[in-house]
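The values are calculated or read from the model by the stated rules, or taken from the named source; none is laboratory data. Owing to the predicted nature of the structure, the values given are computational and were not obtained by experimental measurement. Cβ placement follows ideal geometry from the backbone for every residue including glycine, while neighbour counts extend to all protein chains displayed. Just so you know, the surface numbers come from the protein's heavy atoms only, side chains and all, with ligands and any DNA or RNA stripped out. Shrake-Rupley method; radii C 1.70, N 1.55, O 1.52, S 1.80 Å.
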Amino acid sequence: KAMGATALFSEKYGDTVRVVNMGGWSIELCGGTHVPHTGAITTFKIVSESGIAAGVRRIEAITGDNVLAYYAKLEERMNTIASLLKAKDSEIEDKIAALTAHVKTLTAENEGLKNKLAQSSLGDVMSQVQEIKGVKVLATRVPGLDAGGLRELGDQLRDKIGEGIVVLVTTTEDKVSILATATAGAVAKGAHSGNIVRTIAAVCDGKGGGRPDSAMAGGKDVSKADDVVAAVADTVSGMLKD
């Protein structure tokens, strides 16, 4: 201890304790080691680091031949990736970046086409608007859109009707998605998008909620999508002021 050695563990030490001095970087009292000297470890590779308790970190590493096997496997994986990308090892990063950008562009184009399809399928949307207690309400199904597409279309239709409530329902093979959006005037008369979607989502075994002006919900029973749309009128009528 007079040498500055540190006792790292709580176990009791005997009268004679080994002192491990690693080149002056670390001097520790040690009850036993697994190697006679640090050179026996050869290569050393940290493979993970994580928190296991408050103020305690766990570092996991491999040594010796395991490191060589690790890098051999890593090289094998890199070769496989390069082959799939039809690129040289030195071109992998650039190839992945280019593909990622391409996928992003295609995704944006695809969502744009879906939005146009959804709008065209609605036909004369104003003919579907009904008036409930003096508030315009549009509730309809649209072809499969993601959350972003639903919000964008909902905003467009809300602006088109001018003042009122828009509820859109879309489906995939195993999910119902619901969006409700309401203008300030409709909210002032008692409309609450979060309560609307929460109520109608129950029809298709779903749940959701949100702000008075905008909310989303999801459901599991796709066969009830039309029933969800049909439930909008009574739901809105029950919350609007006379």
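Brief remarks follow.
- Condition check for Leu153: within 18 Å of Glu111 (Cβ to Cβ), in a helix (DSSP H, G or I) and hydrophobic (A, V, I, L, M, F, W, C): yes
- Residue pairs whose Cβ atoms lie under 8 Å apart, sitting 6 or more positions apart in sequence or on different chains, and linking a residue in the stretch 196-222 that is at positive phi to a partner that is in a loop (DSSP other than H, G, I, E, B), are Asp205/Lys220; Asp205/Asp221.
- Scanning the stretch 131-155 for residues that are at positive phi and basic (Lys, Arg) turns up just one, Lys133.
- Complete set of residues in the stretch 79-95 that are surrounded by 13 or more Cβ atoms within 10 Å (Cβ to Cβ) and either in contact with a helix residue (DSSP H, G or I) (Cβ under 7 Å, 6 or more places away or on another chain) or in contact (Cβ under 8 Å) with a residue 12 or more places away in the chain (or both): Ile81, Ala82, Leu85, Ala87, Ile92, Lys95
- Long-range neighbours under 9 Å by Cβ, at least six apart or interchain, first residue in a loop (DSSP other than H, G, I, E, B) within the stretch 163-174, second among the basic types (Lys, Arg): Glu163/Lys136; Asp174/Lys220
- Annotation note: of Gly194, Gly206, Gly185, the sole residue that is open to solvent by less than 40 Å² (accessible area, probe 1.4 Å) and within 21 Å of Gly134 (Cβ to Cβ) is Gly185.
- Complete set of residues in the stretch 147-157 that are in contact with a strand residue (DSSP E or B) (Cβ under 8 Å, 6 or more places away or on another chain) and surrounded by fewer than 17 Cβ atoms within 10 Å (Cβ to Cβ): Ala147, Arg151, Asp155
- Only listed residue being small (Gly, Ala, Ser) and open to solvent by 60 Å² or more (accessible area, probe 1.4 Å), chosen from Gly4, Gly23, Gly39, Gly112: Gly23
- Subset of the stretch 46-81 (residues that are under 30 Å from Met3 (Cα atoms) and touching a Ser or Thr at 6+ places or on another chain (Cβ under 9 Å)): Arg57, Arg58, Ile59, Glu60, Ala61, Thr63
- Candidates in the stretch 47-75 are the residues that are open to solvent by 100 Å² or more (accessible area, probe 1.4 Å) and part of a helix (DSSP H, G or I); of these, the one that is farthest from His34 (Cα to Cα) is Glu75.
- Of the residues in the stretch 121-140, not one is assigned to a loop (DSSP other than H, G, I, E, B) and within 20 Å of Gly210 (Cβ to Cβ).
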